[in-house]
Structure formats: C-alpha cells, structure tokens
1. Return yes or no: is TYR431 in contact with a Lys or Arg (Cβ under 6 Å, 6 or more places away or on another chain) and touching a residue at least 40 places away in the same chain (Cβ under 8 Å)?
2. Residues being open to solvent by less than 60 Å² (accessible area, probe 1.4 Å), within 12 Å of LEU326 (Cα to Cα) and not small (Gly, Ala, Ser): count how many of those fall in the range 353-371.
3. Can you tell me which residue in the range 69-88 is surrounded by the fewest Cβ atoms within 10 Å (Cβ to Cβ), limited to those that are free of Cβ contacts under 8 Å to residues at least 60 places away in the same chain and under 13 Å from LEU127 (Cβ atoms)?
4. Could you please let me know if GLN133 is open to solvent by less than 40 Å² (accessible area, probe 1.4 Å), modelled with pLDDT of 95 or more and over 26 Å from LYS264 (Cβ atoms)?
5. Being crowded, with 19+ Cβ neighbours inside 10 Å and part of a loop (DSSP other than H, G, I, E, B) is the filter here, so list the residues in the range 339-352 that pass it.
6. Which residue out of LEU153, LEU157 is touching a His at 6+ places or on another chain (Cβ under 8 Å) and assigned to a helix (DSSP H, G or I)?
7. Among the residues of the range 92-114, write down those that are buried (at least 17 other Cβ atoms within 10 Å of the Cβ) and either touching a strand residue (DSSP E or B) at 6+ places or on another chain (Cβ under 7 Å) or closer than 12 Å to ILE131 by Cα (or both).
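The values are calculated or read from the model by the stated rules, or taken from the named source; none is laboratory data. All values derive from a computational prediction rather than experimental measurement. Cβ coordinates were reconstructed from backbone atoms using ideal geometry, including for glycine residues, and neighbour counts include every protein chain displayed. In case anyone asks, the SASA skips ligands and DNA or RNA and just uses the protein heavy atoms, side chains included. Shrake-Rupley method; radii C 1.70, N 1.55, O 1.52, S 1.80 Å.
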Amino acid sequence: MSRTKGRYQQNLRADAARVLFQILEQGMSARECLPNAQQDHNEKDKAWLQEMTYGVLRQLPLLQHWLRLLLDKPLKKNVKIVEHLIMLGFYQLAFSRVSTHAAVSECVNACAPLNAVATKGLVNAVLRNFIRQEIANELPDNEQILSGQPKWLYKKLLTAYPEKHTPILEAMQVKAPIWLRVNQKQKSTDEYCRLLDENDIIYERQDEQPQGLILSKGCDITTLPGYDEGWFAVQDGAAQLAANLLNSQPNERILDCCAAPGGKTCHILELEPKIASCVAMDIDPSRLQRIEENLARLGHQASLICGDASEPKAWWDGEQFDRILLDAPCSATGIIRRHPDIKWLRKSSDIDTLVALQAKIIDAIWPLLKPGGTMLYATCSILPAENQLQISAFLERTADAALDPEFNNDAIDKPGRQILPGEKHMDGFYYARLLKS
C-alpha cells in the first residue's frame with residue numbers, strides 16, 4: 001500500500017516539475033501544458049497540481065533567490081528540470097502545510113520519473129540544507145523579489161503607479177475569487193441566489209454587477225446548480241462591466257471584436273435579447289470554437305466570424321454596426337493573480353508590439369462603426385501605454401472620435417476607467433467609451 005502511494009506521489013511531483021519546466025524554459029502557457037499533466041489524476045490531485053505550480057509561479061523570484069543561495073552552480077540542460085523540482089520543494093516547505101519529511105522524500109523520489117536518478121543526493125542535500133539553515137526566514141531586502149514580479153514588470157508598475165504600486169503588487173499575488181454571472185435568460189439573480197442558499201453555498205453580491213455573485217470558497221464549478229442547463233457563467237466582475245457599459249439597445253447591430261472565449265458576447269445577448277444581430281469575431285479558430293460552446297451551453301445565438309481584427313476588409317460585409325466592443329489583445333497584466341504564468345511568458349519588448357497592434361486594430365475597426373455609434377475599448381491590462389495613452393493618442397489622430405464621459409474624472413488627457421487588481425474583488429481591467437460624430 002505504501003509503495004503504491006509512493007509511486008503515485010512521486011508522479012505528482014514530477015508532473016508539477018514538468019509543467020514548471022514547460023512554462024519557464026519552453027515558453028508554453030499553463031493553459032497548454034497543465035491539462036495534459038492533470039489528465040491522469042483524480043480531482044483532488046488535479047487541484048493540487050494547479051495550486052502548487054501556480055504557487056511556484058507566484059513566488060518565483062524568491063524561490064530563485066533561495067536556489068542561488070544553496071546551489072553552487074546551475075544544473076546542465078539534461079537535468080535542468082531538477083531545478084524546478086527543487087523550487088517546488090522550497091515552495092512546499094515555506095508556503096504549504098506539508099510535513100518537512102514528506103516534502104523532502106517526495107521530491108527526491110520524483111527524480112526517477114524525471115530521468116534524473118543521479119541527482120537524488122543533490123535534491124536531498126539542498127532541501128535538507130534549506131530546512132537546517134532556516135532559509136525560509138531569510139528574506140532579501142529587495143522589493144522586486146518579494147513582489148513576485150519579473151524585473152521589467154516591477155519597474156513599469158513602479159513608474160506608472162509610484163504611490164500605489166505596493167498595494168497593487170500585493171493584490172497581484174492574492175488568489176483571485178470565483179465570480180459567477182447569472183444568465184438572465186434562464187434565471188434571475190434572486191432566483192439563483194435562492195438555489196445557492198438551498199445548497200448551503202455561501203456567496204457575496206456586488207452592487208455594480210447586478211448579475212454577478214462571488215463565491216466565498218473555491219469549488220468544482222460543474223457541481224453548482226444549473227451548470228449543464230446554462231443558468232450561469234464564470235466571469236470576473238470587471239469583465240461583467242463590459243456589456244453594461246456597451247448598453248446595447250433593441251434592433252441594433254452589435255460587433256464583439258476579439259470575442260473569445262465569448263463571455264462578453266453571451267452577456268450582451270442576455271442583457272438585450274431584442275438586438276437585431278450580434279457578430280462575434282476572433283482570429284483563432286480554436287478559440288472561436290469556445291465561443292460556440294459557451295453560446296450553446298447558455299442558450300444564445302450569434303454570428304461567428306474567424307478573421308483578423310486589423311484586416312476587416314477580409315471578413316466584413318460592409319454593413320456598419322451600431323455598437324462595437326473591442327476587447328483588444330493586451331499584456332493581460334490585470335489578470336496575473338488569476339494566471340501567474342503570464343508574467344513569465346511576457347517580456348518588456350512585448351508591450352511596444354502590443355501597443356502598435358492595438359492602435360492598428362482600433363484604426364481598422366473604427367470605420368465599421370455607424371455615425372452616432374458607440375465603441376467600447378477594453379483591455380485586461382493595467383499598463384497606461386495600452387490604456388489611457390492608447391486612447392488619448394487615438395482621439396488626437398481621429399477627427400470623428402469623441403470621448404463619452406462615463407466615469408469620474410474621465411477626461412481626454414486621462415480617459416476611461418482603470419480598474420486595479422483587487423479593487424472591489426475584481427481583476428485589473430480598463431474601459432473607455434468612444435462616440436462617433
């Protein structure tokens with residue numbers, strides 16, 4: 001029995017190390033590699049794999065600092081993965097409730113399935129030195145390392161938010177809550193709340209999101225009342241603001257641009273079922289399939305188009321839209337607390353590339369909007385270059401574009417609303433509403 005358990009546990013640690021290696025050394029996203037690692041495990045161990053790998057990604061600068069203290073020299077390429085196994089051990093010892101004996105022995109045993117049997121002694125020595133020297137109590141006097149952010153992002157946040165950067169950095173390290181959006185086509189929010197009450201599921205409501213609920217603790221979403229029936233969708237509170245701000249009206253033609261995975265498309269259809277048509281477009285066929293799946297589960301219909309937002313002539317039928325939601329490609333720095341792999345997959349140079357792409361898309365999509373129409377520009381970024389500065393530059397170069405003041409202190413020199421991570425339990429997000437004269 002113990003031998004079976006030992007083999008199972010060693011595979012779990014090895015799988016976590018492989019996921020970390022794939023993200024940090026090979027540039028794969030967690031969305032690509034984590035499901036592959038989870039597929040042979042039960043629900044409890046699937047959750048453990050995500051919890052541990054995300055934990056290491058959140059604390060990576062500190063774990064790397066400790067690694068440099070205890071490892072004489074970096075490991076060679078064929079056993080480089082063992083460095084990630086050691087950092088997993090550090091994380092377990094410093095941030096989880098696992099016993100010291102289990103953390104050490106299970107990491108040592110994981111060397112075999114990683115084809116690194118020769119490193120067992122090294123792993124054992126490093127982890128035991130970590131415990132004996134009480135390294136977890138030795139925190140460096142370096143805010144960037146303690147923030148859990150890469151140097152490039154830390155510097156950008158320090159520049160953008162010189163007086164707010166500390167609480168922002170702290171909020172980016174906190175695990176995000178689960179938000180639900182009640183599908184008004186199926187149930188009212190009050191009706192769904194009664195169902196949660198009957199099942200002893202604790203939640204919280206927010207005034208700004210009338211269809212939104214925050215679950216008080218994590219759970220398997222598919223076990224909640226009405227999942228298969230499409231009574232709700234999982235969508236952060238900041239993203240839930242989009243459909244309300246777009247404010248679609250009956251008989252209007254709507255475009256949701258860069259729409260995958262379709263949460264905002266569905267919300268638009270829920271809030272105004274009498275719109276004339278809703279077109280959801282995205283450049284990625286596989287992500288377009290996710291829109292189709294979400295529409296089907298929630299009981300909605302929309303026209304789906306696979307196309308490049310920066311080249312609308314290839315897919316646009318020539319009929320202008322009354323309202324356009326442009327959820328622009330961005331750095332996703334506002335959702336790092338939810339997807340900590342993002343900060344290690346991005347580079348500082350990516351931001352300039354994204355800013356140029358955003359400008360190209362907004363210029364290309366603007367002609368698709370009717371005179372008198374509304375465009376809602378959105379990103380899940382907290383970097384001014386992608387948000388306020390992007391919209392200010394667009395307003396300067398576009399004669400028939402005007403800012404629709406929707407928020408307090410909304411002005412041309414600082415347009416839109418920047419939601420910061422953790423604000424009212426929301427992800428970091430940006431919105432600006434524009435009118436075509």
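1. So TYR431 fits the description; yes.
2. Residues meeting the conditions: 7.
3. LEU71
4. no
5. PRO340, ASP341
6. Exactly one residue qualifies, and that residue is LEU157.
7. GLN92, LEU93, ALA94, ALA103, VAL104 - these are the residues of the range 92-114 that are buried (at least 17 other Cβ atoms within 10 Å of the Cβ) and either touching a strand residue (DSSP E or B) at 6+ places or on another chain (Cβ under 7 Å) or closer than 12 Å to ILE131 by Cα (or both).
A quick yes/no check of all residues on (1) polar (S, T, N, Q); (2) surrounded by 20 or more Cβ atoms within 10 Å (Cβ to Cβ):
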residue	(1), (2)
GLN144	yes, no
GLY148	no, yes
LYS156	no, yes
LEU169	no, yes
VAL182	no, yes
LYS185	no, no
